[in-house]
Amino acid sequence: MAESKIITLPDVGEFKDIEIIEILVAAGDQVEQEQSIIVLESDKATMEIPSPFDGIIEEIKVSVGDRVNEGDALGSMSTGDSKLKDDAPPPAAETPQAPAPAAIAETPASTPATAAEPTPKADPAPGKKLKPHPGAGSSSAGAGGNTIHASPSIRRYARELGVRLEQVIGSGPKGRILKADVKAFVKSSMTAGGGGGGLSVSSAPEIDHSKFGEVELLPLSRIKKISGAHLHRSWVTVPHVTQFDEADITELEKFRKSLAKEAEKKALRLTPLIFLMKAVVSALREYPDFNASLDASGENLVMKKYFHIGIAVDTPNGLVVPVVRNVDQKGLFELAAELGELSLRARDGKLSPGEMQGGCFTISSLGGIGGTYFTPIVNAPEVAILGVSRAKMQPVYNGAEFEPRLMLPLGLSYDHRVIDGAQAARFTNFLSQVISDIRRVLL
Ligand code: CAO
């Protein structure tokens, strides 16, 4: 039986009074749950708001140019007897430029990291098609104040190719950007790259794998698509170097075990990662360049006075990086509680974009799984990321004899534009000293 439901703006993270720049549907449109219906844009981010239900749009109560906040009514829809889902998924935030691991709420490399800059938006769920409203114009302010006129499908096409529309000259009526304009822009970028400055890579040949045996085509998850683009940008735009080191965690492990009962009583898991978060803050204080981002001009460092640490979390749909804020001000149990709660919600796909923004430095721990060393990709616009592998008992020479010590492998990848090799070696050296004697976090 048909039921009228109000469509409200879901949690959009830290953003307030965000402007509506596009309305993708109109009264009478049939929409699917998670299909984008409205596009919002702050000075930092663009995000598409998905429909919370399957159904037919009855009314859209907002207009392009209106400013909205979480909980505001956007319109109403008749949900018919379709399956309802009241907990609308959070809007997908994505960025224009390049970040790294995960469905990270992406921040472009050129943005001061105080505010993560999400972007265009994620594709609708696999199998669901975004249906732009016919004639849904889409104008927004481009860099330099020019107005960009492009339909949602052209915006999506440009995003898929990593093209920033403010750089494209539109040849359509009133300067509207057409698909041909985006193609021409890509072509000219590729050609320019061949001459020197840019990146010119020939496209991979299309291979029909079914010629060699049975195959099945599976769409990538939404998270993988977002994180893939982010990782790719980081990989090609950030000159990476990885510094390896190891830390003796024999004493830390004794301390951790001595706290195990207390943690159990509080129903908390005090894993080595919690101690590493505190140790990383000590190292960031000592080497503040690691707690910085390049500004938009690429000529200044934005030095952060806060310590928000991103933690890479493996989820069934892909990697996400929730951010634990003010790690310097929190105790071990508090951090364990927060990380436990965040990783649970990450695995349930319930993190809001705001919870994945504003990080200073990321830790990616594969210690619970295994392996020796790995080279994580910097989560731009951060400038360094710590990869932690599984600790192993090893014979360590103490000057007189070998003794068994529990050694933790570390891999620190960093942006070589900001961090020099010597600095990185000092950072990991300092970090392993702090981890080896965790009392040093008090210094
Ligand atoms: N060495 C040895 N043991 C370790 C360890 C290490 N470095 N790190 C964790 N462990 C142990 C833990 O103590 C725990 O053991 P107990 O159950 O006996 O206490 C076990 O391994 C499992 O830990 P965990 O992985 O569940 O917990 P965590 O706090 O270490 O990590 C989280 C939490 C969310 C980061 C983790 O579950 C995760 O998702 N890791 C994957 C991140 C990832 O995919 N990174 C790759 C990014 S690049 O593509």
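Structure above, values below:
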read-out	value
Residues satisfying the stated conditions in the range 166-185, i.e. open to solvent by 70 Å² or more (accessible area, probe 1.4 Å), assigned to a loop (DSSP other than H, G, I, E, B) and farther than 16 Å from ARG156 by Cβ	ILE169, SER171
From the options GLY387, GLY310, GLY349, GLY359, residue that is at pLDDT below 95 and not β-branched (Val, Ile, Thr)	GLY349
Residue within the range 395-416 that is modelled with pLDDT of 95 or more, part of a loop (DSSP other than H, G, I, E, B) and in contact with a Phe, Trp or Tyr (Cβ under 7 Å, 6 or more places away or on another chain) present	no
Within the range 248-294, tally of residues that are within 12 Å of the ligand (Cβ to nearest atom) and under 16 Å from VAL327 (Cα atoms)	8
Residue in the range 264-282 that is open to solvent by 40 Å² or more (accessible area, probe 1.4 Å) and aromatic (Phe, Trp, Tyr) present	no
Test: residue in the range 322-329 that is β-branched (Val, Ile, Thr), in contact with a Phe, Trp or Tyr (Cβ under 7 Å, 6 or more places away or on another chain), at pLDDT 95 or above and within 16 Å of the ligand (Cβ to nearest atom)	yes
Set SER343, SER364: member being open to solvent by 10 Å² or more (accessible area, probe 1.4 Å), part of a helix (DSSP H, G or I) and within 26 Å of GLU253 (Cα to Cα)	SER343
Residue list for the range 18-47, filter: closer than 25 Å to PRO322 by Cβ, in contact (Cβ under 8 Å) with a residue 40 or more places away in the chain and open to solvent by 10 Å² or more (accessible area, probe 1.4 Å)	GLN33, GLU34, GLU41, LYS44, THR46
For LEU443: the one exception among (1) within 14 Å of the ligand (Cβ to nearest atom); (2) modelled with pLDDT under 95	(1)
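For (1) open to solvent by less than 10 Å² (accessible area, probe 1.4 Å); (2) in contact with a Ser or Thr (Cβ under 8 Å, 6 or more places away or on another chain); (3) within 16 Å of the ligand (Cβ to nearest atom); (4) not assigned by TED's automatic domain parsing to the domain that holds ASP248, each residue gets a yes or a no:
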{"site": "ILE369", "(1), (2), (3), (4)": "no, no, yes, no"}
{"site": "ILE377", "(1), (2), (3), (4)": "no, yes, yes, no"}
{"site": "PRO381", "(1), (2), (3), (4)": "no, yes, no, no"}
{"site": "MET393", "(1), (2), (3), (4)": "no, no, yes, no"}
{"site": "TYR397", "(1), (2), (3), (4)": "no, no, no, no"}
{"site": "ARG405", "(1), (2), (3), (4)": "no, yes, yes, no"}
{"site": "ASP415", "(1), (2), (3), (4)": "yes, no, no, no"}
{"site": "ALA422", "(1), (2), (3), (4)": "no, no, no, no"}
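The values are calculated or read from the model by the stated rules, or taken from the named source; none is laboratory data. Just so it is clear, the structure is predicted and the values come from calculations on it, not from any experiment. Glycine also receives a Cβ, built like all others from the backbone with ideal geometry; neighbour counts cover every protein chain displayed. What goes into the accessible areas is simple: the full protein's heavy atoms, side chains included, and nothing from ligands, DNA or RNA. Shrake-Rupley method; radii C 1.70, N 1.55, O 1.52, S 1.80 Å.
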